[in-house]
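Below you'll find the structure, written out as structure tokens, and then a few comments.
Readers should treat all values here as calculations from the given coordinates under stated rules, not as data from a laboratory. Just so it is clear, the structure is predicted and the values come from calculations on it, not from any experiment. Note: ideal-geometry Cβ built from the backbone for every residue, glycine included; neighbour counts use all protein chains shown.
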Amino acid sequence: AQSVTQPDIHITVSEGASLELRCNYSYGATPYLFWYVQSPGQGLQLLLKYFSGDTLVQGIKGFEAEFKRSQSSFNLRKPSVHWSDAAEYFCAVGGTSYDKVIFGPGTSLSVIP
Amino acid sequence: DTAVSQTPKYLVTQMGNDKSIKCEQNLGHDTMYWYKQDSKKFLKIMFSYNNKELIINETVPNRFSPKSPDKAHLNLHINSLELGDSAVYFCASSTRTGSASPLHFGNGTRLTVT
């Protein structure tokens, strides 16, 4: 069965600093991978997705993620964090054998001005 | 121009009551979902419908009954509410079934059972 782990429950960074949020998945074949962001009091919004091809994918709001098959990882990065990036970030995995995505437990990001 | 809208935003009720949450999407999507987010922010799918047909029915108490009158609407009715039902319930939609289609979420309904 597919599964997703996000090792960091909470991360705090200073505004302007770089950011990397970790995501590891378990799935037998090439997965469908997603990152979603949830701002306080809001629903989840898709940041980016990976299905195939170039392993470095660009998303909205200046985010990017890199698929590394050998490490079963799909880490999210941003070179310079803004205060408005403070939110909950969810990694999710799907695949051709599954009819639904599985969400990771989320990483809460705090940004220090 | 809200894409996925759900009402109400907040719902406070007592144990044993029956309540409904409504969801509408104007994206023209074929598939709609209900997710439950617990107090630890963990998200779990409850149901999905594709063009009014039930596709996914996770292990959810039968007190929860979804209903899709058309492919743009998916409602959730909860009977005999319990304290453990307190959570945020999200409606979502996607272009089609399967895990390849990105999800579009509503802003959630925070249900508090006292």
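Values for this structure:
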read-out: Residue exposure sequence - B:Met46, B:Met32, B:Met15 - by fewest surrounding Cβ within 10 Å; value: B:Met15, B:Met46, B:Met32
read-out: Relative contact order (%) - chain A, alpha-carbon pairs under 8 angstrom, separation at least six; value: 38
read-out: Listed residues A:Gly95, A:Pro113, A:Trp83: farthest to the positive end of the dipole of chain A (Cβ charges); value: A:Gly95
read-out: From phi via Karplus (6.51, -1.76, 1.60), per-residue ³J(HN,Hα) for the range A:98-113 in Hz, x at Gly/Pro; value: 10, 9, 8, 8, 10, 8, x, x, x, 10, 8, 10, 10, 10, 8, x
read-out: Residue-count net charge about B:Thr97 - beta-carbon cut-off 11 Å; Lys, Arg +1, Asp, Glu -1; value: -1
read-out: Inter-label distance, nm, simple model (7 Å from Cα along the C-beta direction), A:Thr55/B:Asn79; value: 5.2
read-out: Rounded to 5, percent antiparallel among DSSP beta bridges of chain A; value: 85
read-out: Net charge over other residues, Cβ less than 15 angstrom from the Cβ of A:Pro105 (K, R count +1; D, E count -1); value: +2
read-out: Surface/4 estimate of mean projected area, convex hull on alpha-carbon atoms of the range B:49-114, nm²; value: 4.9
read-out: Relative exposure of B:Ser65, B:Ser101, B:Ser48, judged by other C-beta atoms within 10 Å (fewest first); value: B:Ser65, B:Ser101, B:Ser48
read-out: With 5 Å bins from 0: P(r) over the range A:49-113, alpha-carbon pairs, percent; value: 4, 14, 22, 26, 19, 10, 4, 2, 0
read-out: Local net charge near B:Pro8, Cβ-Cβ under 11 Å (Lys/Arg +1, Asp/Glu -1); value: +4
read-out: In Hz, Karplus ³J(HN,Hα) per residue of the range A:20-36 (6.51, -1.76, 1.60; θ = phi - 60°; x = Gly, Pro); value: 9, 10, 8, 8, 10, 10, 10, 6, x, 10, 5, x, 8, 10, 9, 10, 10
read-out: Kirkwood-based Rg to Rh ratio, the range B:1-49, C-alpha trace; value: 1.00
read-out: Radius, Kirkwood style, for the protein assembly as shown when every pair of distinct Cα atoms is counted (Å); value: 18.1
read-out: Contact order relative to length of chain B, as percent, for alpha carbon pairs under 8 angstrom and 6 or more apart; value: 37
read-out: Residue order, fewest to most beta carbons within 10 Å, for B:Phe105, A:Phe90; value: B:Phe105, A:Phe90
read-out: Phi to ³J(HN,Hα) by Karplus 6.51 cos²θ - 1.76 cosθ + 1.60 over the range B:33-47, Hz, x for Gly, Pro; value: 9, 10, 10, 10, 10, 7, 5, 8, 6, 6, 9, 9, 6, 10, 9
read-out: Charge dipole (the range B:23-106, unit charges on Cβ, about Cα centre) - positive-most of B:Asn57, B:Asn75, B:Leu43; value: B:Leu43
read-out: The range B:44-72 versus the range A:1-39: alpha-carbon centroid distance in Å; value: 28
